[in-house]
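> Provided herewith is a single structure, encoded as structure tokens, for subsequent inquiry.
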Amino acid sequence: MNGEREVLRDGTNPADGPEEVVVSPAPGPPTDTGRPPGVPRNAAAARDVVTRLLEAQFCGLGGEGPADVVVADALLVTSELVTNAVRHGGGLTGFAAEITDDGLLLTVADASTRAPVTEKRDPGTNPVGGYGWMLVRRLAKQVSVTYLPGGKNIVALVALA
């Protein structure tokens, strides 16, 4: 699956998806913690990175920043992507967040070449867990998965307007 790209948006077939957004950060050498430099240790640390980025971008704009619900969506997408990388992707190997003209661009890399899974749900049951990928796909304007040797990158674009 080296170099294959899958683009998903609002549950559409990847072949019918929008233009791709692919960012492939090269992880640096591991630190003494076992993580590449700049990679958050967990979802809370990744949310802190995104919160600081949004505050720096929109500080001093006199209330012209994104609405609270948009910030909450951005933090939820961040949390779900990082948590999925840690729990299901063999570990978080890369993380980047940047503000673009289109919104918040998140790149999360993990050590698994397995595709994210959307589980079928029985409406009559209340299972715990398994909703993260569905939430990411619903809240992000654009999502892409790039398969690489030894892992994958997931890029999500969250609109801030």
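> Of all residues being of a type outside the set (A, V, I, L, M, F, W, C) and at pLDDT below 90 in region 125-147, which is farthest from the chain's Cα centre (by Cα)? Just the residue, please.
Keep residues of region 125-147 that are of a type outside the set (A, V, I, L, M, F, W, C), which gives 125-127, 129-132, 137-138, 141-142, 144, 146-147.
Among the residues that remain, those that are also at pLDDT below 90 are: 125-127, 129-132.
Details: Thr125: 28, Asn126: 25, Pro127: 23, Gly129: 17, Gly130: 16, Tyr131: 14, Gly132: 10 Å.
Ranking the candidates gives Thr125 first.
> I'd like the full set of residues that are touching a Gly at 6+ places or on another chain (Cβ under 8 Å) and in contact (Cβ under 8 Å) with a residue 40 or more places away in the chain, limited to region 55-70.
Gln57
> For Thr83, state whether it is in contact with a strand residue (DSSP E or B) (Cβ under 8 Å, 6 or more places away or on another chain) and hydroxyl-bearing (Ser, Thr, Tyr). Break it down into steps so the answer makes sense when it comes.
On the way: in contact with a strand residue (DSSP E or B) (Cβ under 8 Å, 6 or more places away or on another chain): no; hydroxyl-bearing (Ser, Thr, Tyr): yes.
Taking the combined requirement at face value, the residue does not satisfy it.
> Follow-up. Looking at Val39, Val69, can you tell me which residue is in a loop (DSSP other than H, G, I, E, B), at pLDDT 90 or above and among the aliphatic types (A, V, I, L, M)? Please lay out each step first, then the result.
Numbers: Val69 fails: in a loop (DSSP other than H, G, I, E, B).
Testing whether each residue is in a loop (DSSP other than H, G, I, E, B), at pLDDT 90 or above and among the aliphatic types (A, V, I, L, M) leaves just Val39.
> Still on this structure: With respect to Pro66, determine if the residue is on the phi < 0 side of the Ramachandran plot and open to solvent by 30 Å² or more (accessible area, probe 1.4 Å).
Working: on the phi < 0 side of the Ramachandran plot: yes; open to solvent by 30 Å² or more (accessible area, probe 1.4 Å): no.
No: the conditions fail for Pro66.
> Scanning region 42-60 for residues that are farther than 17 Å from Ala156 by Cα and open to solvent by less than 70 Å² (accessible area, probe 1.4 Å), which turns out modelled with the lowest pLDDT?
Step one: filter region 42-60 for residues farther than 17 Å from Ala156 by Cα, giving 42, 44-45, 48, 52, 55-60.
Keeping just the survivors that are open to solvent by less than 70 Å² (accessible area, probe 1.4 Å) gives 42, 44-45, 58.
Details: Asn42: 96, Ala44: 97, Ala45: 97, Phe58: 86.
In this case the residue turns out to be Phe58.
The values are calculated or read from the model by the stated rules, or taken from the named source; none is laboratory data. Fair warning: this is a prediction, and the values are worked out from it, not measured in the lab. In this analysis, Cβ positions are derived from the backbone assuming ideal geometry, glycine residues included, and neighbour counts consider all displayed protein chains. With ligands, DNA and RNA removed, areas are computed over all heavy atoms of the protein, side chains included. Shrake-Rupley method; radii C 1.70, N 1.55, O 1.52, S 1.80 Å.
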